[in-house]
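The values are calculated or read from the model by the stated rules, or taken from the named source; none is laboratory data. Quantities reported herein were computed from a predicted structural model and do not represent experimental measurements. Cβ atoms come from the backbone with ideal geometry, glycine included; neighbour counts cover every protein chain shown. With ligands, DNA and RNA removed, areas are computed over all heavy atoms of the protein, side chains included. Shrake-Rupley method; radii C 1.70, N 1.55, O 1.52, S 1.80 Å.
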Amino acid sequence: MDIFAHLEQQNIRLTDQQRAAVQADAPAVLLLAVPGAGKTTTLAARAAWLLATGRCAPEQMLNLTFNRDAAADMQRRFDRLFGGVWGPQQQPRFSTIHSFCWRLLHQYAASRGTRPPQLVTEAQQRALVLSAYRSQSDDYLSEERLDQLLGAVGFCTNMMYTDQQCAAVEREISGLRAVRLAYRDYKLQNSLMDFDDMLAYALQVLRRQPSRVRQLRARCPYLQLDEAQDTSKIQHAIIALL
């Protein structure tokens, strides 16, 4: 199948740079583009080109992005452009980095005969941080202040900070250290994790099991990351291992 001819039938003509990106055989390609320049269309076209040229099967391709909306947009774009070419079972999967980590943790737990920590919702996370704060202070906690504490706790995890590195952040936000430690201890004692913990645990699994990393690389030799500029440090570390 000629991917470019198929696109032109839909009045989509890729530029020379986009074509080069779609057909690139280099082990790593960085595509830089301003918003609206056709980057997601190019990624969808490359996924189709990899399938059409027999370079990989759908299950050998990881298409990741940083949030659900972006993942859904990639999936819709592929379906709109190439949905009639391959059946539902022959199409690549587009998902978030969190979804990948969720599957990884479940596979890891199953291999050990255990279960991963239960994932708390955002509402539960707010309630837990609020409870942690109230266990340390009688002061009123506004919604704005709660958001600040939640953001700081998540920031420390996403920046992969040690307790010592967190201290610099905690000096700027009154009460943060006590809340962060109380929140962390409660999750550990009750086998819970939030969305940021999910990333941290997945990274731990990958770092502690080089054989699992090799298996993932062999099973999915092609990885496409959309909106890479919006990934956090810990997300980037996971992608780098893959």
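Hey, what's the chain come to in accessible area per residue, 1.4 Å probe, Å²?
Value for the chain: 57 Å² per residue.
Determine the shape class of region 142-194: with a ≥ b ≥ c the square roots of the Cα gyration tensor eigenvalues, call it rounded for a/c under 1.5, and otherwise prolate if a/b is greater than b/c, oblate otherwise.
Verdict is oblate for region 142-194.
As a check on your grasp of the helix formula, calculate [θ] at 222 nm for the chain: sum -39500 (n - 2.57) over DSSP H runs of n ≥ 4, divide by the residue count, round to the nearest 500.
Only helices count here, giving -18000 deg cm²/dmol.
Could you tell me which chymotrypsin sites (Phe, Trp or Tyr not before Pro) in region 123-166 are loop residues by DSSP with no more than 12 other beta carbons within 10 angstrom of their beta carbon?
Hits after loop and neighbour filter: Tyr140.
Just want to confirm a number: the relative contact order over the chain, from Cα pairs under 8 angstrom separated by 6+ residues, in percent.
That works out to 26 percent.
From the Cα gyration tensor of region 73-127, with a ≥ b ≥ c the square roots of its eigenvalues, which class applies: rounded if a/c is under 1.5, or else prolate if a/b is larger than b/c, or else oblate?
oblate
Express in whole angstrom the spacing between the alpha-carbon centres of region 199-213 and region 36-52.
29 Å
If Glu143, Glu170 are ordered by their accessible area, calculated over protein heavy atoms with a 1.4 Å probe, which sequence runs from highest to lowest?
Ranked from most to least accessible, the order is Glu143, Glu170.
Treating the Cα atoms of region 72-185 as identical point scatterers in vacuum, please give the log10 of the normalised Debye intensity I(q)/I(0) at q = 0.15, 0.17, 0.20 Å⁻¹, two decimals.
These q points yield log10 I(q)/I(0) values of -0.83, -0.93, -1.08.
By the gyration tensor of its Cα atoms, with a ≥ b ≥ c the square roots of the eigenvalues, what is the shape of region 189-235: rounded for a/c under 1.5, prolate for a/b over b/c, or oblate?
Because a/c hits 1.5 or more and a/b fails to exceed b/c, region 189-235 counts as oblate.
I'd like the carbon and sulfur percentage of the solvent accessible area for the chain, probe radius 1.4 Å, heavy atoms only, ligands and nucleic acids excluded.
Within the chain, the accessible surface is 48 percent carbon and sulfur.
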